[in-house]
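Below: the structure, in structure tokens.
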Amino acid sequence: MLQQIFSGTNIALIGVALAAILSGIGSAKGVGIVGKAASGMLAEDPSKFGQAMLLQALPGTQGIYGLVTAFLILWKAGFLGGAVSLTTGQGAFYLMVSLPIAIVGLVSAIIQGKVAAAGVNLIAKRPNELVKAIMSAALVETYAIFALLISLLPIFLVDVSAIA
């Protein structure tokens, strides 16, 4: 019974779920943080809606990165082509490659949301400083991109059929 539950196929699916779920949670939380700050600013000055939306969209990218990683694992592991039978090692490989974007996506989206919310406060007082606000939030994005690369490169470069 435990062998069926912890099959390579199911372990890989755990990786798929973690990549999508954790980065999605981070993005939802980050976008929400910016949304709260933006709502306060827009109550005072609705003309700044476009600027607020730019900042609010930034933390949403980590959820996209996790979703892309999840789909690529599904594709490379053969889930999109029919019946799949992965060894425990192959399943563990896919679980491991999902973790960088799952964990960094979760944390960086929340932190990026906080930085972008501070950017909303900046443009509330100094509307001409939007580029500085975006750049500050974009610096956090760099680490999500690094995690995405660390998750995706093995998916494309490692011959999973050689893993027992």
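Values quoted throughout were computed directly from the atomic coordinates according to the rules given, and no laboratory measurement underlies them. Nothing here was measured: the structure is a model prediction, and the numbers come from that model. All Cβ positions, even for glycine, are placed from backbone atoms using ideal geometry, and neighbour counts span all protein chains on display.
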Problem - Size of electric dipole in segment 8-162: Cβ of Lys, Arg +1 and of Asp, Glu -1, about Cα centre, debye, nearest 20 - result: 280 debye
Handout entry: Over the chain, relative contact order from alpha-carbon pairs under 8 Å, at least 6 apart, %
Key = 35 percent
Fill in the blank from the handout: Computed ³J(HN,Hα) along segment 149-157: with the Karplus parameters 6.51/-1.76/1.60, θ = phi - 60°, integer Hz and x for glycine or proline, the list is 4, 5, 6, 7, 4, x, 4, 8, 9
Practice task
Could you give the spread of the C-alpha atoms of segment 89-164 along their three principal axes, from largest to smallest, in whole angstroms?
Solution key: 59, 18, 9
Problem - Compactness of segment 8-162 as Cα Rg over 2.2 N^0.38 Å, two decimals - result: 1.22
Problem - Karplus-derived 3J(HN,Hα), 6.51/-1.76/1.60, for each residue of segment 5-10, Hz, glycine and proline x - result: 5, 9, 6, x, 4, 5
Problem - Dimensionless Rg over Rh [segment 1-40; C-alpha; Kirkwood] - result: 1.37
Completion exercise
Taking every other residue with Cβ under 12 Å from the Cβ of P59 and scoring Lys and Arg +1, Asp and Glu -1, one gets +1
Exercise for the section: Quote the FRET efficiency, to the nearest 0.05, computed for I5 versus D45 with a Förster distance R0 of 45 Å and r equal to the Cβ-Cβ distance. Expected result: 0.25
Practice task
Kindly provide the helix-only [θ] at 222 nm of the chain, computed as the sum of -39,500 (n - 2.57) over DSSP H runs of four or more divided by all residues, to the nearest 500 deg cm²/dmol?
Solution key: -28500 deg cm²/dmol
